[in-house]
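FYI, it's all coordinate maths here, none of it is from the lab. Since we're looking at a predicted model, the values are computed, not measured. Counting neighbours? That spans all protein chains shown, and the Cβs are built from the backbone with ideal geometry, glycine included.
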Amino acid sequence: MIVVMKPDAADSSIQSIKQYIESFQLQVHLSKGEEVTIIGIVGDKSKLPAENLTSFKDVEKIVPISESYKLSNIKLHPEPTTVSVGNTTIGPGNLTIMAGPCAVETEKQLLEIAHAVKASGATILRGGAYKPRTSPYSFQGLEAEGLRYMQTAKQETGLTTICEVVSQEAIEAAEKYVDMIQIGARNMQNFILLKEAGRSGMPVLLKRGLCATIDEWLNAAEYIIAEGNPNVVLCERGIRTFETATRNTLDISAVPVLKSKTHLPVIVDPSHSTGSYKYVAPMAKAAVACDSDGLMIEVHNDPANALSDGPQSLTFKKFDALCQELKPFAKLVHRTF
Ligand code: PEP
Ligand code: MN
C-alpha cells in the first residue's frame, strides 16, 4: 500500500503519517520525487485501519500495491533508480558497458583483457572467479585467487569490477576485492544467497533465472532489497525455450516490461542469451534501442582457447568495433558512454 501525498505536502504532515504507520510495527519507505512524496507501507497491514490515513493532512490518495514485490515496485518509487558502483553509475543517462572474460584464467590474461575493454569504452570489468558450471568436470574458476587478480586489474586500470558469487563464503571474499557482486541465473531463486547479498550491502547484479518469469525475478530482487540493500540491477540474459539455434532466447521485451514495473536499472547480456559471438552485436544494439541501462559482454584475448564460453566471446577487435557502432544508438536514447 502507498500513501500519495499532495504536491508540496509539509514535512510535518509526512512525519505524522510515518509515526502513525510505525505505531503498527510496519515499515515505512519514503520516496521523495521532484513533485510528490510517496509513503510506502511494508509489512502485515491487517491491523492498520487504512481508511484513517485519508483523513491525515496533505494526503492525496491511498493506493494498494497488489503485486507481492513492493520495494522494487515502480508504484512505490516512480523515479528510476541510479545505482552507484565503484567510480561509475548505472541508470538514466548512462550506457554502462560491463565487459571481460567469462572466467578469470590467469593474471596476465585478465590484465590484457582489462586494458583492451577499457580502451574501447567499458567502465566495468567482469570476470568469473566462481563458475557455476553445468558439468562438475568443467573448469570451476580460480576462486579467491581470481578475485585477487580482479583487484590487481582494478588497481592497474581504474576499472570498476564485478564478480559472480555462489555462496556466503564467496560474498565475504568478494567484499574485499571487487565493487559489485553478481548472482547468476542458476542462483536467482537461491533465497539464502539473495538474503546474504542483501545483508552485504554491496551493489548486486541479479541475472534472470533460466526459466524465471518477470514476476519471480522481481520477487528475487525484493529478497535483496528487503534486507536493507537497495542497490540492485537486473540483467536479462535469455530464457530457455524450445529454440535450439541460440543458447537461450533473448527476451528483449523484458526490458520495456521491467521498466513499466520497477524502478531498478535493467541491463542486457547478449553473450549468454545467444551463445554465439555472431549474434552479440545485433542483440546489443537491440538492447540499447529499447532503453537498456547497460550491457554485459564477454570478451576474450583468445576465444578459441578460452576455458569457458569461448564461442560467445568477442575478440578485442570485434568488441571495439561494436562499441563504435553503439555510439549512435546510445545517442538516440540520450545515453553516453
Ligand atoms: C556469467 O555471467 O558468467 C554467467 C554464468 O551467466 P548466467 O548466470 O547468466 O548463465
Ligand atoms: Mn560465461
Cβ-Cβ under 9 Å pairs, at least 6 apart or on other chains, region 220-244 side on the phi > 0 side of the Ramachandran plot, far side in a strand (DSSP E or B): G238/T249
Qualifying residue in region 313-331 (condition: touching a strand residue (DSSP E or B) at 6+ places or on another chain (Cβ under 8 Å), closer than 23 Å to T88 by Cβ, of a type in the set (K, R) and away from ligand 1 (no atom under 16 Å from the Cβ)): no
Selection within region 196-233 - in a loop (DSSP other than H, G, I, E, B), under 21 Å from L26 (Cα atoms) and in contact with a helix residue (DSSP H, G or I) (Cβ under 6 Å, 6 or more places away or on another chain): E227, N229
Qualifying positions in region 1-55 - in contact with a Pro (Cβ under 6 Å, 6 or more places away or on another chain) and β-branched (V, I, T): V36
Criterion violated by T89 - all others in (1) hydroxyl-bearing (S, T, Y); (2) touching a residue at least 24 places away in the same chain (Cβ under 8 Å); (3) under 30 Å from T213 (Cα atoms); (4) crowded, with 16+ Cβ neighbours inside 10 Å satisfied: (2)
Considering residues of region 189-204 that are more than 12 Å from the chain's Cα centre (by Cα) and within 16 Å of ligand 1 (Cβ to nearest atom) only, the residue nearest to I124 (Cα to Cα): A197
Failed condition for G86, given (1) within 14 Å of ligand 1 (Cβ to nearest atom); (2) within 23 Å of the chain's Cα centre (by Cα): (1)
Per-region count, region 95-114, residues under 18 Å from the mean Cα position of the chain (by Cα) and of a type in the set (A, V, I, L, M, F, W, C): 5
Positions within region 33-83 being assigned to a strand (DSSP E or B) and touching a Gly at 6+ places or on another chain (Cβ under 9 Å), in sequence order: N73, V83
Considering residues of region 120-139 that are without any contact (Cβ under 8 Å) to a residue 60 or more places away in the chain, more than 12 Å from ligand 1 (Cβ to nearest atom) and surrounded by fewer than 23 Cβ atoms within 10 Å (Cβ to Cβ) only, the residue farthest from the chain's Cα centre (by Cα): Y137
Verdict on L258 being in a loop (DSSP other than H, G, I, E, B), closer than 24 Å to I181 by Cα, in contact (Cβ under 8 Å) with a residue 40 or more places away in the chain and in contact with a strand residue (DSSP E or B) (Cβ under 6 Å, 6 or more places away or on another chain): no
Top-ranked residue of region 227-252 - restricted to ones that are farther than 18 Å from M180 by Cα and aliphatic (A, V, I, L, M), ranked as surrounded by the most Cβ atoms within 10 Å (Cβ to Cβ): L250
Search result, residues across region 218-243 that are of a type in the set (A, V, I, L, M) and more than 21 Å from D269 (Cβ to Cβ): I225, A226
I97 vs. criteria over 29 Å from P328 (Cβ atoms), of a type outside the set (S, T, N, Q) and either in contact with a His (Cβ under 8 Å, 6 or more places away or on another chain) or not in a loop (DSSP other than H, G, I, E, B) (or both): no
Pairs where the first residue, in region 296-322, is without any contact (Cβ under 8 Å) to a residue 24 or more places away in the chain and the second is small (G, A, S) and within 12 Å of ligand 2 (Cβ to nearest atom), C-beta under 8 Å, 6+ apart: A304/G310
